[in-house]
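Each remark here refers to the structure printed beneath this line.
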Amino acid sequence: MMSERCPSSDKGVFKAIVSSNKQIGQPAASSSSDESRKSRRFYRLRLEFLADAAKAFADFKPGQFAELDLSGTALPSPESIPEDLHDAAGRNILLRRPFSFTDVTAKGDKTFADLLYCVVGPATLRMTALSAGDSLSVIGPLGNGFSIPDSKKTALLIVGGMGVPPLLHLAKHLTADSRVTRFEVIAFAGAKTAKDLPFEGQLDEISQQLGFSIPEFARYGIESMVATDDGSAGYHGFVTDRLAEWLNQSDLSTKDMVIYACGPEQMLARLAEIAKNKNVDCQLSMERRMACGIGLCQSCAVECKVSNSAETVYKMCCKDGPVFNSKEIVF
C-alpha cells in the first residue's frame, strides 16, 4: 500500500519576506577573495511567511514547489556580476521561476522556507541582491510531492547537481516524522566536479571514511556517498554507477527499497533503467520550464506511458508532477 500523494489544495498567491540570503560553498584556495566569490554560484535563501501564507506553506510537502516573481528585483552591483552573465544580466524577467524548498519549518504563527539556488541566468542573478526585509510574491504550494510507501524499509536518495532541495527536505521528513522514521536512509550525490557540489562544509577525509560525506545529510544521521565525473571528490564516475555498484554489493532486499531522485534527465533515465532491472520502486522529480505552475500554459509536458497500451500521453510536470513513478515516463 502506498500513502496518498501530496496535492497542493490550498495554493494561492502570497507575500514572503526575505529572512536571510547567503552565499555558500568552499572558496578556491588559489583564487583571490573577489574571484572566489564570483566563482561560487550557490546561495541559500530563507523566506518567512505570515498569516494565511504561513498556514498554506506549513504543510508544504517534499517534492512540491513554489513560483517566485523576480521581475521587480534589482540587479546586484556591476562588480558582483560574473563575466559570463554580463550580456544576459539586463534581460527583463517576464515569467516566474519555480523552486523546491530544502526545508520548511512552522514556528508559531510563522513558517520559514529555505531554498537553494545556483546563479545561472538573469533571474537567479537578481536573487543574489535580495536582503533581509525584502518581499517577494510567491505562488504555492504547487504540484505533487513524493509519496511514502507503507511497506518499504530503505530509502535511497539520489541527487544530481542542483537536484538537492526536494531530497534534503525529504531527508528531514523521513528522519524527523515519527510516522516514517522506520526507514534506513542513504544518500548518493553526484556532480561533474567537487566545486559543483552545492553543499556547505568540507568533504573531509575523516567524514568520508565514516560514511557521512555530506554535512547537510549528516545532520539527519544519514549516510551519504559522493560521486564526481572527474574524480575530484568521492567515487570517480557517475552517481548512477556508484548506486549500481552499491546495489550489487548490498545484502538488503530490493523489494524493501524505494528510490527518490532529482537531477538531470539523463541521470533520471539511467535510474529508471536501474530500478527496472533491480525491481526497485522509483520516484523521479522531473525538471521542466514551468511558466504558470498550474497547467494552463502547457509548457512543461512530460511524455508518459498508458498502462496496458502502446500509446502515450502528455502530462503536465507542474500539475501532474513534478514527481512521477519511473515506470510511467518515456525517456
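The values are calculated or read from the model by the stated rules, or taken from the named source; none is laboratory data. Quick caveat, the model's predicted, so the values are computed rather than measured. Using ideal geometry, Cβ is built from the backbone for each residue, glycine included, and neighbour counts are taken over all protein chains shown.
Taking the options Ala123, Ala88, Ala155, name whichever one is in contact with a helix residue (DSSP H, G or I) (Cβ under 7 Å, 6 or more places away or on another chain) and over 30 Å from Glu223 (Cα atoms). Steps first, answer last, please.
Details: Ala123 fails: in contact with a helix residue (DSSP H, G or I) (Cβ under 7 Å, 6 or more places away or on another chain); Ala155 fails: over 30 Å from Glu223 (Cα atoms).
None of the others qualify; the one that does is Ala88.
Is there a residue being closer than 15 Å to Tyr260 by Cβ, in a loop (DSSP other than H, G, I, E, B) and either touching a Lys or Arg at 6+ places or on another chain (Cβ under 9 Å) or of a type in the set (A, V, I, L, M, F, W, C) (or both) anywhere in the stretch 95-103? Give the derivation first.
Taking the stretch 95-103 first, the residues closer than 15 Å to Tyr260 by Cβ are 100, 102.
From what is left, the residues that are in a loop (DSSP other than H, G, I, E, B) are 100, 102.
Subsequent filtering for residues that are either touching a Lys or Arg at 6+ places or on another chain (Cβ under 9 Å) or of a type in the set (A, V, I, L, M, F, W, C) (or both) retains 102.
Yes, there is a match, as at least one residue in the stretch 95-103 is closer than 15 Å to Tyr260 by Cβ, in a loop (DSSP other than H, G, I, E, B) and either touching a Lys or Arg at 6+ places or on another chain (Cβ under 9 Å) or of a type in the set (A, V, I, L, M, F, W, C) (or both).
Any chance the stretch 209-218 includes a residue that's polar (S, T, N, Q), at pLDDT below 90 and either under 17 Å from Ala155 (Cβ atoms) or surrounded by fewer than 17 Cβ atoms within 10 Å (Cβ to Cβ) (or both)? Yes, because at least one residue in the stretch 209-218 is polar (S, T, N, Q), at pLDDT below 90 and either under 17 Å from Ala155 (Cβ atoms) or surrounded by fewer than 17 Cβ atoms within 10 Å (Cβ to Cβ) (or both). Note on the stretch 217-242: residues that are in a loop (DSSP other than H, G, I, E, B), of a type in the set (Asp, Glu) and either touching a residue at least 60 places away in the same chain (Cβ under 8 Å) or under 24 Å from Asp103 (Cα atoms) (or both) total 0.
The set of residues in the stretch 104-131 being assigned to a strand (DSSP E or B) and hydrophobic (A, V, I, L, M, F, W, C) consists of Val104, Ala106, Phe112, Ala113, Leu115, Leu116, Cys118. Checking each residue in the stretch 297-316 for being surrounded by fewer than 18 Cβ atoms within 10 Å (Cβ to Cβ) and in contact with a Lys or Arg (Cβ under 9 Å, 6 or more places away or on another chain) picks out Ser299, Ala301, Glu303, Lys305, Glu311, Thr312, Val313.
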